[in-house]
1. Out of 67, 18, I need the residue that is at pLDDT below 85 and either on the phi < 0 side of the Ramachandran plot or surrounded by fewer than 10 Cβ atoms within 10 Å (Cβ to Cβ) (or both). Which one?
2. Among the residues of region 21-49, how many are at pLDDT below 90, in contact with a strand residue (DSSP E or B) (Cβ under 9 Å, 6 or more places away or on another chain) and farther than 16 Å from residue 2 by Cα?
3. Find the residue count for region 1-31, including only residues that are part of a loop (DSSP other than H, G, I, E, B) and either under 29 Å from residue 42 (Cα atoms) or in contact with a helix residue (DSSP H, G or I) (Cβ under 6 Å, 6 or more places away or on another chain) (or both).
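The values are calculated or read from the model by the stated rules, or taken from the named source; none is laboratory data. Because the structure is a prediction, the values reported are computed rather than measured. Using ideal geometry, Cβ is built from the backbone for each residue, glycine included, and neighbour counts are taken over all protein chains shown.
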């Protein structure tokens, strides 16, 4: 896992930025909380195997878990909360 620190960043482009599209503004400040991300790509199937080994079955009865089960070999892009 790689730790991503909390922080702030400006999302969108400035009103006077060259080549700016209409849907890129208004520019605004976004705050994110610290989180961890896998250093390596993991498929949904691999992540569910990991969860099944560590969590009670009832914890996997969610829409997120069901969606990952159908995703199979595609990259896991969401995690259970």
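1. 67
2. 2
3. Total satisfying the criteria: 5.
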